[in-house]
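Student: I'd like to ask some things about the structure below.
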Amino acid sequence: MSHEAPLFLKKVLITREAKQAHSFAAQIKKLGGIPLSLPVLTFARSNNEKEVEDVLLSIDCFDWIVFTSQNGISFFFEWLKELNISWSALKRLKVAAVGEKTAKLLEKHDVNVQLVPKEYVAESLLESLKANVSHHERVLLVRGQLARSVLKDGLKECEVTDLVVYQTIRNQDSERLVKQHVETGIDAITFTSSSTVRFFVESVKDIPNWLELINRTKVVCIGPITSQTASEYGIKHLVPNTYTINGMIDMLVSCFE
């Protein structure tokens, strides 16, 4: 490997969920870095089965479905399959997605997405929805239990059903290694959601000087909401101009140029 590789031998801690971390880690490795994939969280289907079933079995009464994450899509289609509901029968529904990656995953499920905001955050999605959703229309929000209430609160003039299809859970299996790497030294830490920040801090807070150790590294947060959470803990960090994994990679490269 060339010493001129942008991330040559830089140890980059990836805190996102294991399956989602794969492509992120591959890009870091391609740029000469050493990806340390230690997910601080994991996902599971929601335990409110009766509510999910009741809503999905009457899904054809909605006008819009709004997806706020790729995880929401994956669990949503798991539920549809279990309930023997075909998306082909629901193609009249209008669909909104929080970002480009979310929209692309929907397209893989043969879903035509009508609305994607310019900025991949809930606030921007809310503004786009307000401009496109009529007050009489019924809206289904598909989300995880830790999602913020921005959309629900902002669409009060519409008939909104807030459906939690999955839950985000702290992954205690990786805590020992996370603490070990923080104590022995890493070059960068990446956070892709507020949850990754919170669960990471839970993992390392027993280290007396944990914040000092983290602030010696390059920390990159994917966007403004994750950034806000990092700031609440006193973590110094950077945010890319584009709120995507590729934007984070570019930021990491610029940090070590």
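The values are calculated or read from the model by the stated rules, or taken from the named source; none is laboratory data. Just so it is clear, the structure is predicted and the values come from calculations on it, not from any experiment. Here the Cβ is made from the backbone with ideal geometry for all residues, glycine too, and neighbour counts use every protein chain on show. Accessible surface areas use protein heavy atoms only, side chains included; no ligands, DNA or RNA. Shrake-Rupley method; radii C 1.70, N 1.55, O 1.52, S 1.80 Å.
Student: Residues in the stretch 202-220 that are of a type in the set (Val, Ile, Thr), in contact with an Asp or Glu (Cβ under 8 Å, 6 or more places away or on another chain) and buried (at least 18 other Cβ atoms within 10 Å of the Cβ): how many?
Tutor: Looking only at that region, the number is 1.
Student: Out of the residues in the stretch 102-152 meeting the condition of being outside any helix (DSSP H, G or I) and acidic (Asp, Glu), tell me which one is farthest from Gln167 (Cα to Cα).
Tutor: My answer is Glu137.
Student: Sticking with this one: What number of residues within the stretch 21-61 are in contact with a strand residue (DSSP E or B) (Cβ under 9 Å, 6 or more places away or on another chain) and assigned to a helix (DSSP H, G or I)?
Tutor: First, the residues of the stretch 21-61 that are in contact with a strand residue (DSSP E or B) (Cβ under 9 Å, 6 or more places away or on another chain): 21-22, 24-29, 33-48, 51-52, 55-56, 59, 61.
Subsequent filtering for residues that are assigned to a helix (DSSP H, G or I) retains 21-22, 24-29, 51-52, 55-56, 59, 61.
Count: 14.
Student: Give the stretch 62-85 a look and list any residue that's in contact with a strand residue (DSSP E or B) (Cβ under 8 Å, 6 or more places away or on another chain), assigned to a loop (DSSP other than H, G, I, E, B) and either without any contact (Cβ under 8 Å) to a residue 60 or more places away in the chain or not charged (D, E, K, R) (or both), or say none.
Tutor: Matches in the stretch 62-85: Phe62, Thr68, Ser69.
Student: OK, next. I'm told Arg92 meets every condition in (1) surrounded by 15 or more Cβ atoms within 10 Å (Cβ to Cβ); (2) assigned by the TED database to the domain that holds Ser124; (3) basic (Lys, Arg) except one. Can you identify the failing condition by its number?
Tutor: Only one criterion in (1) surrounded by 15 or more Cβ atoms within 10 Å (Cβ to Cβ); (2) assigned by the TED database to the domain that holds Ser124; (3) basic (Lys, Arg) is unmet by Arg92, namely (1).
Student: Where the second residue is of a type in the set (Val, Ile, Thr) and part of a loop (DSSP other than H, G, I, E, B) and the first is in contact (Cβ under 8 Å) with a residue 60 or more places away in the chain and open to solvent by 30 Å² or more (accessible area, probe 1.4 Å) and lies in the stretch 110-122, which pairs have Cβ atoms under 8 Å and are six or more apart or on separate chains?
Tutor: Tyr120/Val98; Tyr120/Thr244
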